[in-house]
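Enquirer: First, the structure itself, so that you have it in front of you.
The values are calculated or read from the model by the stated rules, or taken from the named source; none is laboratory data. Nothing here was measured: the structure is a model prediction, and the numbers come from that model. So basically every Cβ, Gly included, is an ideal-geometry build from the backbone, and we count neighbours across all protein chains shown.
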Amino acid sequence: MAAPEKVIITCAVTGAIHTPTMSDHLPITADEIAAAAIGAAEAGAAILHLHARDPETGKPDQSAEAFEPFLGRIKQATNAVVNITTGGSPYMTVDERTKPAAKWQPEVASLNMGSMNFGFFPLLAKYKEFKHEWEREHLEGSRDLVFRNSFKDIEYVLETCYGNGTRFEFECYDISHLYNLAHFADRGLVKPPFFVQSVFGLLGGIGTHPEDVMHMKRTADRLFGKDYRWSVLGAGKDQFRIATQAVSMGGNIRVGLEDSIWISRGKLAESNAQQVTKARNLVEGLGLEIATPDEAREMLSLKGGDAVGF
Ligand code: KMH
Ligand code: ZN
């Protein structure tokens, strides 16, 4: 029997959903994002999924300039693959969301494979006071928030980024998003190997039951066969339970404070590196090995760290 493939750990260090009030450990400034990303890479993350924030308020900032101060530093300090979000925040237009990836031409950019209700308002119940006024509006507004990723939007991201040799982390929040990816593959607009990031546990997307994870994998296997690499992220408290199931099924995993601010039940993660270390221990505890950044490049057919625009 062939040796199992190595496991790619992606770390998404800050995102655009959690807010400064929720954790003092959430990286906000460019210095904090750079340090968090470098720490995650040192702990074993092969891919770093990056968003930027306003350094004063912590509000998501999707200007290309906001990414500049940390991209160069991460590149200098690590060999990790840099993945720039095109999801930005679900409150932004696709044009705004695509600007950083278009300018900096990373090896990987995220690409969200369908529209969905994106409800994070249940978090409101946990916090009485907020550090910044925007945080309450951000949570409250998600009662009526459609994260828009129409076919035209997806084509726009593909057209803007493909010519730069950027490949994609296809974020699939539900089974239908796999079918949308298959549609683009049928039209020849995306080329294998596809890096499918299955997202579990967001209100508006698929749940976190083991059957949900099985169904996602079975469907992806049927649609893409050997033409894809499967990665999972579990939102919030389910992060490591989903990761454990997926690794045992041959998958890759994404951790990081973007998706969960927790390290264990009721205990905040003190850093992204802490979650990556836990993920690494999980992989190695199951008798598997983590992929280095160069091994991840090989598995995903990436252009290489020297071919980016930063
Ligand atoms: N926070 C993830 C569930 C993106 O950046 O493109 C969604 C995400 C979107 O990572
Ligand atoms: Zn993201």
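Enquirer: Just to be sure I understand, how many residues within segment 60-92 are surrounded by fewer than 24 Cβ atoms within 10 Å (Cβ to Cβ), touching a residue at least 24 places away in the same chain (Cβ under 8 Å) and more than 15 Å from ligand 2 (Cβ to nearest atom)?
Expert: Adding up the residues that qualify gives 11.
Enquirer: crowded, with 18+ Cβ neighbours inside 10 Å, farther than 24 Å from V196 by Cα, hydrophobic (A, V, I, L, M, F, W, C) and in contact (Cβ under 8 Å) with a residue 12 or more places away in the chain: does that describe I33?
Expert: Values: crowded, with 18+ Cβ neighbours inside 10 Å: yes; farther than 24 Å from V196 by Cα: yes; hydrophobic (A, V, I, L, M, F, W, C): yes; in contact (Cβ under 8 Å) with a residue 12 or more places away in the chain: yes.
So I33 passes the test.
Enquirer: Is one or more of the residues making up segment 187-206 within 16 Å of ligand 2 (Cβ to nearest atom), at positive phi and buried (at least 16 other Cβ atoms within 10 Å of the Cβ)?
Expert: Yes, because at least one residue in segment 187-206 is within 16 Å of ligand 2 (Cβ to nearest atom), at positive phi and buried (at least 16 other Cβ atoms within 10 Å of the Cβ).
Enquirer: Need the failing condition index for A41 against (1) within 16 Å of ligand 1 (Cβ to nearest atom); (2) closer than 23 Å to L282 by Cα, just the number.
Expert: For A41, the failing item is (1).
Enquirer: Quick check on segment 56-78. Is at least one of its residues closer than 17 Å to I261 by Cβ, at pLDDT 95 or above and small (G, A, S)?
Expert: Yes, segment 56-78 contains at least one residue that is closer than 17 Å to I261 by Cβ, at pLDDT 95 or above and small (G, A, S).
Enquirer: Can you go through A35, A3 and tell me which one is assigned to a helix (DSSP H, G or I) and at negative phi?
Expert: On the way: A3 fails: assigned to a helix (DSSP H, G or I).
Going through A35, A3 in turn, the sole match is A35.
Enquirer: Within segment 8-16, does at least one residue satisfy the condition of being aliphatic (A, V, I, L, M), more than 13 Å from ligand 1 (Cβ to nearest atom) and under 14 Å from T78 (Cα atoms)? Give the derivation first.
Expert: Pass one, segment 8-16, residues aliphatic (A, V, I, L, M): 8-9, 12-13, 16.
Adding the requirement that they be more than 13 Å from ligand 1 (Cβ to nearest atom) leaves 8-9.
With the extra rule that they be under 14 Å from T78 (Cα atoms), the set shrinks to none.
No, there is no match, as no residue in segment 8-16 is aliphatic (A, V, I, L, M), more than 13 Å from ligand 1 (Cβ to nearest atom) and under 14 Å from T78 (Cα atoms).
Enquirer: Hey, can you tell me all the residues within segment 44-60 that are over 13 Å from the mean Cα position of the chain (by Cα) and more than 16 Å from ligand 1 (Cβ to nearest atom)?
Expert: Scanning segment 44-60 gives G44, D54, P55, E56, T57.
Enquirer: Hey, another quick one. Identify, please: which residue in segment 39-89 is of a type in the set (D, E, K, R) and in a helix (DSSP H, G or I) and is, among those, farthest from M22 (Cα to Cα)?
Expert: At the first step, the residues of segment 39-89 found to be of a type in the set (D, E, K, R) are 42, 53-54, 56, 59, 61, 65, 68, 73, 75.
Add one more test, that the residue is in a helix (DSSP H, G or I), and what stays is 42, 65, 68, 73, 75.
Details: E42: 25, E65: 26, E68: 26, R73: 27, K75: 29 Å.
Per the criteria, the residue is K75.
Enquirer: Do we have any residue at all in segment 71-94 that's among the aromatic types (F, W, Y) and more than 26 Å from Y179 (Cα to Cα)? Outline the logic, then answer.
Expert: Of all residues in segment 71-94, those among the aromatic types (F, W, Y) come to 91.
With more than 26 Å from Y179 (Cα to Cα) added as a condition, the list becomes none.
No, there is no match, as no residue in segment 71-94 is among the aromatic types (F, W, Y) and more than 26 Å from Y179 (Cα to Cα).
Enquirer: Check off (1) surrounded by 19 or more Cβ atoms within 10 Å (Cβ to Cβ); (2) within 20 Å of the chain's Cα centre (by Cα); (3) more than 16 Å from ligand 2 (Cβ to nearest atom); (4) touching a residue at least 40 places away in the same chain (Cβ under 8 Å) for F224 and give me the number that stays unchecked.
Expert: Status for F224: all satisfied but (2).
Enquirer: Taking only segment 216-270 into account, find how many residues are assigned to a helix (DSSP H, G or I) and more than 30 Å from K126 (Cβ to Cβ). Give the steps one after another, and end with the answer.
Expert: Going residue by residue through segment 216-270, those that are assigned to a helix (DSSP H, G or I) are 216-224, 236-248.
Filter again for more than 30 Å from K126 (Cβ to Cβ), leaving 217-224, 248.
Number satisfying all stated conditions: 9.
Enquirer: Still on this structure: When you scan segment 275-310, how many residues do you find that are surrounded by fewer than 16 Cβ atoms within 10 Å (Cβ to Cβ), under 27 Å from R241 (Cα atoms) and free of Cβ contacts under 8 Å to residues at least 60 places away in the same chain?
Expert: Total meeting the criteria: 5.
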